[in-house]
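Comments concern the structure below.
The values are calculated or read from the model by the stated rules, or taken from the named source; none is laboratory data. Because the structure is a prediction, the values reported are computed rather than measured. Using ideal geometry, Cβ is built from the backbone for each residue, glycine included, and neighbour counts are taken over all protein chains shown.
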Amino acid sequence: MELREPVSELDARFCSEGAKPTRWAEARTTGCNALGEGLDVVIDGETVQVRDEARLRRIAAAYESKYGRDWRFGVGGGAFVHEGARKGAVALVYEVTPTKAFGFRKGGEFSQTRWRFQPR
């Protein structure tokens, strides 16, 4: 048997109860994956879940302002709630305090840079 598509399985630790695997063709990205050009940035640091609802409302307003109505979130139970999501589905919001970052430029000239951040 020759495999022509990647094989994946559902890991119950990271899925909602009753979730079903997505077919590979549906899960593939349809955008441009420019692996030979561009800039990749990786941030390493400490994360803390944001649960303060006033702060979450400010973050939700910033998302909608930047990305449009498709990214409109309500706030409830210390998380984002999307009006189009199934009942009980939420998006958790995290704040990252960076300790270091890596930048990788790809293309005609490749380069790598590291930044270190001082603790607050």
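Residue-level check: of (1) of a type in the set (Lys, Arg); (2) over 26 Å from ARG72 (Cβ atoms); (3) modelled with pLDDT of 70 or more, ARG28 misses just (3).
If the condition is being under 14 Å from VAL50 (Cα atoms) and hydroxyl-bearing (Ser, Thr, Tyr), then region 62-119 contributes TYR94, THR97. Here's a check for you: in region 52-67, which residue that is among the small types (Gly, Ala, Ser) and over 17 Å from the mean Cα position of the chain (by Cα) is farthest from GLY38 (Cα to Cα)? Result: ALA54. If you filter region 95-118 down to residues that are in contact with a strand residue (DSSP E or B) (Cβ under 8 Å, 6 or more places away or on another chain) and not in a strand (DSSP E or B), you find that the one that is surrounded by the most Cβ atoms within 10 Å (Cβ to Cβ) is PHE117.
Region 34-94 holds strands (runs of 3 or more DSSP E) entirely within its bounds, and those carrying 3 or more residues that are under 30 Å from ARG116 (Cα atoms) and at pLDDT 90 or above map to 38-50. For region 45-62, the condition of being in contact with a helix residue (DSSP H, G or I) (Cβ under 9 Å, 6 or more places away or on another chain), closer than 30 Å to GLU17 by Cβ, of a type outside the set (Phe, Trp, Tyr) and surrounded by 11 or more Cβ atoms within 10 Å (Cβ to Cβ) holds for at least one residue.
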